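What follows is a set of notes on a single structure, which appears directly below.
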Amino acid sequence: MNLNHPIATGNTASIYLHNEKVYKMFNRNLPADEASREAVKQRYAYACGLNVPQVYEVIDINGQQGIVMEHMIGKSLGELAFEDITNAEPYLHTSVQVQQEIHRVRADVIEPMHKKLQRQIESADLLTHIQKSQLLKKLGDLSGESRLCHGDFHLYNLISSDNKTVILDWVDASAGSPAADVCRSYLLYTQVSEQIASLYLKIYCDTSSISRDEIIEWAPVIAGARLAEHVQSENPERLLRIVSKHY
(Lines give C-alpha, C1' and ligand atoms only; values in the text may rest on other atoms or scores of the structure.)
Protein backbone atom coordinates (compact mmCIF):
# COMPACT_ATOMS: atom_id res chain seq x y z
CA MET A 1 0.00 0.00 0.00
CA ASN A 2 1.30 3.44 -0.91
CA LEU A 3 0.21 6.39 1.19
CA ASN A 4 0.96 9.75 -0.39
CA HIS A 5 0.23 13.35 0.50
CA PRO A 6 -0.62 13.48 4.22
CA ILE A 7 -3.63 15.59 5.16
CA ALA A 8 -1.88 16.60 8.40
CA THR A 9 1.58 16.26 9.97
CA GLY A 10 2.37 16.48 13.67
CA ASN A 11 5.31 16.07 15.99
CA THR A 12 5.12 12.26 16.07
CA ALA A 13 3.02 11.17 13.10
CA SER A 14 1.51 11.99 9.72
CA ILE A 15 -2.18 11.53 8.90
CA TYR A 16 -3.41 10.05 5.60
CA LEU A 17 -6.87 9.40 4.19
CA HIS A 18 -7.32 6.16 2.23
CA ASN A 19 -10.53 4.32 1.34
CA GLU A 20 -12.51 6.55 3.73
CA LYS A 21 -10.31 5.52 6.65
CA VAL A 22 -7.67 7.50 8.51
CA TYR A 23 -4.12 6.13 8.63
CA LYS A 24 -1.98 7.59 11.39
CA MET A 25 1.61 6.68 10.49
CA PHE A 26 4.21 7.24 13.20
CA ASN A 27 7.70 8.60 12.72
CA ARG A 28 10.31 5.86 12.37
CA ASN A 29 12.41 7.11 15.29
CA LEU A 30 9.71 6.31 17.84
CA PRO A 31 9.60 3.18 20.06
CA ALA A 32 8.36 0.07 18.25
CA ASP A 33 5.22 -0.12 20.42
CA GLU A 34 4.12 3.51 19.95
CA ALA A 35 1.16 2.68 17.69
CA SER A 36 -0.05 -0.23 19.80
CA ARG A 37 0.16 1.82 23.02
CA GLU A 38 -1.93 4.62 21.53
CA ALA A 39 -4.41 2.14 20.09
CA VAL A 40 -4.93 0.57 23.52
CA LYS A 41 -5.67 3.98 25.05
CA GLN A 42 -8.02 5.04 22.25
CA ARG A 43 -9.87 1.74 22.34
CA TYR A 44 -10.26 2.11 26.10
CA ALA A 45 -11.71 5.62 25.69
CA TYR A 46 -14.05 4.31 22.97
CA ALA A 47 -15.17 1.44 25.22
CA CYS A 48 -15.94 3.95 27.99
CA GLY A 49 -18.53 5.57 25.72
CA LEU A 50 -16.55 8.71 24.87
CA ASN A 51 -16.84 10.22 21.38
CA VAL A 52 -13.62 8.80 19.95
CA PRO A 53 -12.83 7.46 16.46
CA GLN A 54 -13.03 3.67 16.36
CA VAL A 55 -9.67 1.95 15.95
CA TYR A 56 -9.79 -0.75 13.26
CA GLU A 57 -6.26 -2.14 13.42
CA VAL A 58 -2.59 -1.53 14.15
CA ILE A 59 -0.46 -1.93 11.02
CA ASP A 60 3.10 -1.99 9.77
CA ILE A 61 3.89 -0.69 6.28
CA ASN A 62 7.49 -1.20 5.19
CA GLY A 63 8.67 -1.04 8.79
CA GLN A 64 6.59 2.01 9.68
CA GLN A 65 3.98 1.48 12.39
CA GLY A 66 0.52 2.99 12.20
CA ILE A 67 -3.12 2.94 13.31
CA VAL A 68 -6.12 2.62 11.00
CA MET A 69 -9.18 4.34 12.39
CA GLU A 70 -12.58 5.79 11.63
CA HIS A 71 -12.63 8.98 9.56
CA MET A 72 -14.47 11.79 11.35
CA ILE A 73 -15.63 14.52 8.97
CA GLY A 74 -15.74 18.05 10.33
CA LYS A 75 -13.77 21.07 11.46
CA SER A 76 -11.72 21.25 14.63
CA LEU A 77 -12.99 23.52 17.38
CA GLY A 78 -9.67 25.34 17.04
CA GLU A 79 -10.42 26.21 13.41
CA LEU A 80 -13.90 27.35 14.34
CA ALA A 81 -12.77 29.37 17.37
CA PHE A 82 -9.93 31.16 15.65
CA GLU A 83 -11.98 32.12 12.62
CA ASP A 84 -13.09 34.90 14.95
CA ILE A 85 -11.31 34.86 18.29
CA THR A 86 -13.97 37.12 19.82
CA ASN A 87 -16.36 34.14 19.51
CA ALA A 88 -13.99 31.61 21.08
CA GLU A 89 -15.78 31.40 24.43
CA PRO A 90 -18.61 29.02 23.38
CA TYR A 91 -16.06 26.60 21.93
CA LEU A 92 -14.03 26.73 25.14
CA HIS A 93 -17.20 25.97 27.12
CA THR A 94 -17.85 22.97 24.88
CA SER A 95 -14.27 21.78 25.27
CA VAL A 96 -14.43 22.03 29.06
CA GLN A 97 -17.64 19.98 29.13
CA VAL A 98 -15.92 17.30 27.04
CA GLN A 99 -12.79 17.35 29.20
CA GLN A 100 -14.83 17.00 32.38
CA GLU A 101 -16.64 14.04 30.80
CA ILE A 102 -13.23 12.42 30.23
CA HIS A 103 -12.20 13.16 33.82
CA ARG A 104 -15.25 11.38 35.22
CA VAL A 105 -13.89 8.07 33.90
CA ARG A 106 -11.86 5.94 36.31
CA ALA A 107 -8.83 4.57 34.46
CA ASP A 108 -6.89 2.08 36.54
CA VAL A 109 -5.94 -0.03 33.52
CA ILE A 110 -3.76 2.46 31.61
CA GLU A 111 -0.38 3.98 32.45
CA PRO A 112 -0.34 6.05 35.67
CA MET A 113 0.33 9.75 35.07
CA HIS A 114 2.90 9.89 37.87
CA LYS A 115 4.95 7.17 36.17
CA LYS A 116 4.75 8.95 32.80
CA LEU A 117 5.73 12.35 34.23
CA GLN A 118 8.58 10.83 36.22
CA ARG A 119 9.99 9.19 33.09
CA GLN A 120 9.76 12.46 31.15
CA ILE A 121 11.38 14.58 33.87
CA GLU A 122 14.24 12.11 34.25
CA SER A 123 14.92 12.22 30.50
CA ALA A 124 14.70 16.02 30.05
CA ASP A 125 18.28 17.01 29.13
CA LEU A 126 17.77 20.73 29.76
CA LEU A 127 16.93 20.21 33.43
CA THR A 128 19.75 20.19 35.96
CA HIS A 129 20.14 17.29 38.37
CA ILE A 130 18.91 19.52 41.20
CA GLN A 131 15.84 20.64 39.22
CA LYS A 132 14.97 17.03 38.40
CA SER A 133 15.24 16.04 42.07
CA GLN A 134 13.06 18.97 43.14
CA LEU A 135 10.45 18.30 40.47
CA LEU A 136 10.29 14.59 41.30
CA LYS A 137 9.84 15.43 44.98
CA LYS A 138 7.06 17.86 44.06
CA LEU A 139 5.44 15.19 41.86
CA GLY A 140 5.51 12.75 44.77
CA ASP A 141 3.71 15.28 46.97
CA LEU A 142 0.91 15.89 44.44
CA SER A 143 -2.33 13.97 44.16
CA GLY A 144 -2.13 10.51 42.60
CA GLU A 145 -5.71 10.08 41.35
CA SER A 146 -6.71 7.54 38.69
CA ARG A 147 -8.99 9.57 36.45
CA LEU A 148 -8.73 9.36 32.68
CA CYS A 149 -6.66 12.30 31.42
CA HIS A 150 -6.16 13.06 27.74
CA GLY A 151 -2.70 14.58 28.15
CA ASP A 152 -2.83 16.83 25.06
CA PHE A 153 -6.28 18.36 25.33
CA HIS A 154 -6.92 21.51 23.31
CA LEU A 155 -9.35 22.86 20.74
CA TYR A 156 -7.45 21.45 17.75
CA ASN A 157 -7.82 17.90 19.07
CA LEU A 158 -11.61 18.24 19.08
CA ILE A 159 -13.65 17.78 15.89
CA SER A 160 -17.21 19.00 15.45
CA SER A 161 -18.77 16.11 13.51
CA ASP A 162 -22.44 15.16 13.09
CA ASN A 163 -23.60 17.33 16.01
CA LYS A 164 -21.09 15.80 18.43
CA THR A 165 -17.60 16.68 19.58
CA VAL A 166 -15.06 13.95 18.79
CA ILE A 167 -11.81 13.66 20.74
CA LEU A 168 -8.63 12.90 18.77
CA ASP A 169 -5.01 12.00 19.57
CA TRP A 170 -4.82 9.75 22.63
CA VAL A 171 -1.09 9.04 22.60
CA ASP A 172 -0.45 11.04 25.80
CA ALA A 173 -3.41 9.71 27.78
CA SER A 174 -2.81 8.42 31.31
CA ALA A 175 -4.54 7.76 34.62
CA GLY A 176 -4.02 10.66 36.97
CA SER A 177 -5.16 14.00 38.32
CA PRO A 178 -7.65 16.14 36.38
CA ALA A 179 -5.89 19.23 37.80
CA ALA A 180 -2.67 18.14 36.10
CA ASP A 181 -4.49 17.56 32.80
CA VAL A 182 -6.04 21.03 32.99
CA CYS A 183 -2.65 22.55 33.82
CA ARG A 184 -1.19 20.91 30.73
CA SER A 185 -3.98 22.37 28.56
CA TYR A 186 -3.52 25.78 30.16
CA LEU A 187 0.23 25.78 29.41
CA LEU A 188 -0.47 24.74 25.81
CA TYR A 189 -2.91 27.63 25.39
CA THR A 190 -0.43 30.16 26.80
CA GLN A 191 1.79 29.42 23.79
CA VAL A 192 -0.89 30.89 21.56
CA SER A 193 -2.92 33.38 23.61
CA GLU A 194 -2.84 34.41 27.26
CA GLN A 195 -6.42 35.59 26.81
CA ILE A 196 -7.62 32.18 25.62
CA ALA A 197 -5.58 30.42 28.32
CA SER A 198 -7.03 32.55 31.12
CA LEU A 199 -10.58 32.19 29.82
CA TYR A 200 -10.21 28.41 29.53
CA LEU A 201 -8.89 28.16 33.09
CA LYS A 202 -11.67 30.35 34.46
CA ILE A 203 -14.37 28.29 32.72
CA TYR A 204 -12.96 25.02 34.04
CA CYS A 205 -12.67 26.30 37.61
CA ASP A 206 -16.12 27.92 37.53
CA THR A 207 -17.74 24.66 36.44
CA SER A 208 -15.84 22.22 38.67
CA SER A 209 -14.71 21.73 42.26
CA ILE A 210 -11.04 22.24 41.30
CA SER A 211 -9.50 25.59 42.21
CA ARG A 212 -7.05 27.63 40.19
CA ASP A 213 -4.37 27.13 42.85
CA GLU A 214 -4.75 23.34 42.65
CA ILE A 215 -4.19 23.52 38.89
CA ILE A 216 -1.29 25.99 38.85
CA GLU A 217 0.48 23.93 41.52
CA TRP A 218 1.22 21.43 38.78
CA ALA A 219 2.86 24.01 36.46
CA PRO A 220 6.57 23.33 37.19
CA VAL A 221 6.09 19.55 36.97
CA ILE A 222 4.13 19.73 33.70
CA ALA A 223 6.59 22.24 32.19
CA GLY A 224 9.58 20.14 33.21
CA ALA A 225 8.05 16.98 31.74
CA ARG A 226 7.18 18.76 28.48
CA LEU A 227 10.87 19.54 27.96
CA ALA A 228 11.37 15.85 27.17
CA GLU A 229 9.00 16.04 24.18
CA HIS A 230 11.17 18.31 21.97
CA VAL A 231 8.14 19.82 20.25
CA GLN A 232 9.23 22.16 17.45
CA SER A 233 6.49 24.69 18.13
CA GLU A 234 7.38 24.92 21.83
CA ASN A 235 9.96 27.35 23.24
CA PRO A 236 12.10 25.42 25.74
CA GLU A 237 13.23 28.68 27.35
CA ARG A 238 9.62 29.41 28.22
CA LEU A 239 9.30 26.05 29.94
CA LEU A 240 12.58 26.52 31.80
CA ARG A 241 11.34 29.90 33.06
CA ILE A 242 8.24 28.21 34.49
CA VAL A 243 10.41 25.63 36.24
CA SER A 244 12.91 28.23 37.47
CA LYS A 245 10.11 30.41 38.82
CA HIS A 246 9.48 27.68 41.38
CA TYR A 247 12.98 26.14 41.68
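Here are a few things to note about the model shown:
- A viscosity of 0.890 mPa s and a temperature of 25 °C, combined with the Kirkwood radius over C-alpha pairs in the Stokes-Einstein formula, give the stretch 104-247 a diffusion coefficient of 157 µm²/s.
- Check: the chain dipole with +1 on Lys, Arg Cβ and -1 on Asp, Glu Cβ, in debye: 500 debye
- Within the chain, the longest run free of trypsin sites (Lys or Arg not before Pro) that sit in a DSSP loop with at most 15 other Cβ atoms within 10 Å is 105-247.
- Solvent-accessible area of the stretch 105-247 (1.4 angstrom probe, protein heavy atoms only): carbon and sulfur portion equals 49 percent.
- Computed on the stretch 80-159, with alpha-carbon pairs under 8 angstrom and 6+ residues apart, the relative contact order is 42 percent.
- Convex hull projection area averaged over all views, the stretch 72-157, Cα basis, nm²: 8.1 nm²
- Estimated FRET transfer efficiency (Arg106, Ser36; beta-carbon r; R0 22 Å; 0.05): 0.45
- Taking Lys and Arg as +1 and Asp and Glu as -1, the other residues whose beta-carbon sits under 11 Å from that of Cys205 total -1.
- Added length on full extension, which subtracts the Cα-Cα distance from 0.36 nm per residue, Asn235 to Ile61: 59.3 nm
- Candidate values (i) 66, 51, 37; (ii) 51, 40, 33; (iii) 61, 59, 37, label of the one derived for Cα extents along the principal axes in Å: (ii)
- Helix content alone sets the calculated 222 nm mean residue ellipticity of the chain: runs of n ≥ 4 DSSP H residues at -39500 (n - 2.57) each, divided across all residues, give -14000 deg cm²/dmol.
- Reachable aspartates and glutamates from Lys132, criterion Cα separation under 12 angstrom, eight or more residues apart if same chain: Glu122
- Here the stretch 45-104 has 44 percent of its accessible surface on carbon and sulfur atoms, given a 1.4 Å probe and all protein chains in place.
- Within a straight-line Cα-Cα reach of under 18 Å, Lys202 can be paired with the following aspartates and glutamates, leaving aside sequence neighbours fewer than 8 residues apart in one chain: Glu89, Glu101, Asp181, Glu194, Asp213, Glu214, Glu217.
- Note on the chain: with a GNM built from Cα contacts shorter than 10 Å, the maximum mean-square fluctuation among Asn11, Asn62, Asn157 falls on Asn62.
- Contact order relative to length of the chain, as percent, for alpha carbon pairs under 8 angstrom and 6 or more apart: 19 percent
- Sequence-distant lysines (8 or more away, or on other chains) whose Cα lies within less than 26 Å of Lys137: Lys115, Lys116, Lys245
- On a per residue basis, the chain carries 50 Å² of accessible surface, using protein heavy atoms and a 1.4 Å probe.
The values are calculated or read from the model by the stated rules, or taken from the named source; none is laboratory data. Bear in mind that the values here come from a model prediction, so they are computed numbers and not experimental data. Counting neighbours? That spans all protein chains shown, and the Cβs are built from the backbone with ideal geometry, glycine included. With ligands, DNA and RNA removed, areas are computed over all heavy atoms of the protein, side chains included. Shrake-Rupley method; radii C 1.70, N 1.55, O 1.52, S 1.80 Å.
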